[in-house]
1. In the stretch A:19-90, which strands (runs of 3 or more DSSP E) lie fully inside it and hold 1 or more residues that are over 24 Å from B:Trp34 (Cα atoms)?
2. Report, by residue number, each residue of the stretch A:1-31 that is farther than 25 Å from B:Gly104 by Cα and of a type in the set (S, T, N, Q).
3. Does B:Gly53 satisfy being more than 19 Å from B:Phe19 (Cα to Cα), loosely packed, with under 14 Cβ neighbours inside 10 Å and within 11 Å of chain A (Cβ to nearest Cβ)?
4. When you scan the stretch B:59-69, how many residues do you find that are in a loop (DSSP other than H, G, I, E, B) and surrounded by 18 or more Cβ atoms within 10 Å (Cβ to Cβ)?
5. So, in the stretch B:2-33, exactly how many residues are facing chain A (nearest Cβ under 10 Å) and either among the β-branched types (Val, Ile, Thr) or open to solvent by less than 80 Å² (accessible area, probe 1.4 Å) (or both)?
6. Given the conditions (1) at pLDDT 95 or above; (2) open to solvent by less than 10 Å² (accessible area, probe 1.4 Å); (3) within 14 Å of another protein chain (Cβ to nearest Cβ), and given that B:Arg38 satisfies all but one, which numbered condition is not satisfied?
7. Given (1) modelled with pLDDT of 95 or more; (2) closer than 25 Å to A:Phe91 by Cβ; (3) of a type outside the set (Gly, Ala, Ser), where does B:Arg92 come up short, assuming only one miss?
8. Here are B:Thr77, B:Thr105, B:Thr86: which of them is more than 9 Å from every other protein chain (Cβ to nearest Cβ), within 10 Å of the chain's Cα centre (by Cα), over 10 Å from B:Trp34 (Cα atoms) and in contact (Cβ under 8 Å) with a residue 12 or more places away in the chain?
Amino acid sequence: GAVVSQHPSWVICKSGTSVKIECRSLDFQATTMFWYRQFPKQSLMLMATSNEGSKATYEQGVEKDKFLINHASLTLSTLTVTSAHPEDSSFYICSASWTNTEAFFGQGTRLTVV
Amino acid sequence: GQQVMQIPQYQHVQEGEDFTTYCNSSTTLSNIQWYKQRPGGHPVFLIQLVKSGEVKKQKRLTFQFGEAKKNSSLHITATQTTDVGTYFCAGRPGGGNKLTFGTGTQLKVEL
């Protein structure tokens, strides 16, 4: 199956700073990747669809200026949480999938904002 | 928008007991997938069901897709401690590429 690598696996940052999370496809080219957010004991909520070479498509209620997504190459998508606040603390996870196929997930990033 | 609900939300069982989680979608699904997420880990794909009424087995796990393609179930026979985790169903509304995950069922297995 496809291998997706996400980095860092965990990060602690101060309130007001920005954090960048990287998601790499190691053995395939990903024109589309997905970013999810998961709060403790809750489900995965899709935040946005990252499209290589074009703007990301955000789900309703997700702030575009807060969660910046860049997909500049076929193997790398990044999510930047800008001006992070404690309520942004969560588990962020990326995935790659194609129509009618399984989703391949990165390892996830646990963000703690203090 | 599409909603995918799972029941129960939590389940504690004794090792050796059976376990079932039910998944219900507000819309018809072209296919349904099941994932398992261990504590602190990422979701791992288990299986995909495509056909109406389809039943698939993986060792002690039995997956079923409803006739109307709006519901599904996962049954584990004789649970083991290695079955601990949260089980999610997931579907694609309208046949697109975006996966919508169910609310999940957290399984705890006690010795």
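The values are calculated or read from the model by the stated rules, or taken from the named source; none is laboratory data. Here the structure is a predicted model, which is why all the values come from computation and not from measurement. Cβ: placed from backbone, ideal geometry, glycine included. Neighbour counts: every protein chain shown. These area figures cover heavy atoms from the full protein model, side chains too; ligands, DNA and RNA do not enter into them. Shrake-Rupley method; radii C 1.70, N 1.55, O 1.52, S 1.80 Å.
1. On the way: elements: A:19-25, A:32-38, A:45-51, A:67-73, A:76-81.
The qualifying strands (runs of 3 or more DSSP E) are A:19-25, A:45-51, A:67-73, A:76-81.
2. Matches in the stretch A:1-31: A:Ser15, A:Thr17, A:Ser18, A:Ser25, A:Gln29, A:Thr31.
3. no
4. So the first thing to find is which residues in the stretch B:59-69 are in a loop (DSSP other than H, G, I, E, B), and the list is B:59-60, B:66-69.
Applying the additional criterion that residues be surrounded by 18 or more Cβ atoms within 10 Å (Cβ to Cβ) yields B:66, B:69.
So the count comes out to 2.
5. 5
6. Failed condition: (2).
7. Condition (1) is where B:Arg92 drops out.
8. It is B:Thr105.
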